[in-house]
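Bear in mind that the values in this text are calculations on the coordinates, not laboratory data. Only a predicted model underlies this, so the values are computations on that prediction, with no experimental measurement involved. Every residue, glycine among them, receives a Cβ derived from its backbone with ideal geometry; neighbour counts consider all protein chains shown.
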Amino acid sequence: MTKRLHPGPDRRAGAPYLLLALAAAAVATPAAARATALDAGAIGRAAGTQASQGPDGVVRIGWPRTDVAVRVDGAPLAPAAGLGSWAAFRATADGAIVMGDTVVFQDEITPALDAAMAAGLAVTALHNHFVFDSPPVYFLHIGGHGDPAALARGVKSMWDAVKAVRADRPEPAAAFPGDPPRAGPLDAARLGEILGHEAVRQGDVVKMTIPRDGRAHGVQIGGSMGLATWAAFSGSDARASVDGDFILTEEEVQPVIRALRGANIHVVALHNHMLEDEPRFFFLHYWGKGAAPDLARGLRGAIAAQEARGVDRAAGAMPGSAP
C-alpha cells in the first residue's frame, strides 16, 4: 500500500512554484549531465583495446602507428609526435558521440574509409598534417552518434582494415590498383551526355564544371570564385583517369562519398577552403581509373546523390551524416 503524505496548507500553496523550479532546473541541466556515464571497460572490449576515462567522463582509445617508420623534414618522427590514431567517446542522453582521427598511409585510405562507412560512422575530414613526410601520411577524421559499444566496434573495424593492408604489404604502396591511364581519343560529347552536363576539351583533357552559388564574407560568390564541382578526364576512352572536386553542404557529404565509393572512385581529400561561408561548404577531392564512360557514370551517380539531398533539404528533411 502506498503511503500518502498530506502536504498541509503551506505546501499546497508552494507546490506550483516547486514544480516550476524543478522544470526550470531540468531545462537548464545540460544533456550530457543527464546522460548515463559511459562504461570504459565495455567500450574497450568492443574496440579490442584498452580504454581510459578522464575526469570529464570522456572515454578514449588509441593506437600509435609504430608499424611504419616515418620521416618528416629529413628526421625520424616518433608516434607520440603526431602519429597516433585515437577515438574519444562522450555520453549523451541517448547513447554517445564519438570523434576521432586515424593515421593512414596512401594505400590504407580507401579500406579505412570503406570500413568507417560500412559501420555507420561519418567521414568528416581527410587531409595531411605534415609536408616533406616519407612515406606520405594522411589523417582520416570520423564522427558518429549512437550506442557506445557499436561506435567502438565501428572504430575497431576501421583500424582492423588498416592493419590488414599492412599485414598484406608491410611497406605502403605507391599507386592505386589498376592500369594507369593511356593516351588516346576521349569522346567529350559522350562523356557530357552521360554526366548530364557539358564536357569540353582543354588540350588532352576533357573537363566538366558545375558552378554553385553561395556567400562568403557577406557577399555572393559562385563558380568564378572557385565554388564549382568539376571533373577532368585524362587518357583515353578505354583507359582513363578522372580527378576533381565536389562542392558540398554538410548534409551532402556522406551520400556523395557512398556514391563515389560504390563506383570505385577514391576519395583523396575532404576539407573546407573558406571561412565565413554561407552555407558551410566542404570540398571533396577524388581520383578514379578505368574506362572513361564507366567513370562518368560513377560521377553521374554521385551528382544524383547530391541533388537528392538538395531535394530532401528543400522539403524540410533533417540532415544526417551516418546511414
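Regarding region 212-278, what whole-number volume in Å³ per residue does the convex hull of its Cα atoms give?
98 Å³
Give the long-range amide H neighbours of Ile221: residues separated by 5 or more places, or on another chain, with amide H under 5 Å away, using H modelled in the peptide plane at 1.01 Å from N.
Gly214, Arg215, Ala216
Fewest to most neighbouring Cβ within 10 Å: what's the order for Tyr138, Tyr286?
Listing Tyr138, Tyr286 from fewest to most nearby Cβ atoms yields Tyr138, Tyr286.
Of Asp73, Asp39, how do they rank once you tally other Cβ atoms within 10 Å and put the fewest first?
In order of increasing Cβ crowding within 10 Å: Asp73, Asp39.
In whole angstrom, how long is each semi-axis of the equivalent ellipsoid of region 34-168, when you take the square root of 5 times every eigenvalue of its Cα gyration tensor and sort them from largest down?
Its equivalent ellipsoid spans semi-axes of 27, 15, 13 Å.
Where the convex hull is taken over the Cα atoms of region 188-314, what is its projected area averaged over directions, in nm²?
7.4 nm²
Per 0.36 nm of contour for each residue apart, how much would the distance between Arg212 and Thr66 grow if the chain were fully extended, relative to their Cα-Cα spacing?
Length difference between fully extended and current span is 48.2 nm.
Determine, for Met208, Met99, the number of other Cβ atoms within 10 Å of each Cβ, and report the residues in order from fewest to most.
Ordered from fewest to most neighbouring Cβ atoms within 10 Å, Met208, Met99 come out as Met99, Met208.
Let me spell out the model: positive unit charges on the Cβ of Lys and Arg, negative unit charges on the Cβ of Asp and Glu, origin at the Cα centre of region 116-188. What dipole size does that give, in debye rounded to 20?
Its charge dipole is roughly 200 debye.
Where the centroid of each part is defined by its Cα atoms, how far is region 290-308 from region 114-180 in Å?
23 Å
Going by Cα centres, region 78-104 and region 209-227 are how many Å apart?
34 Å
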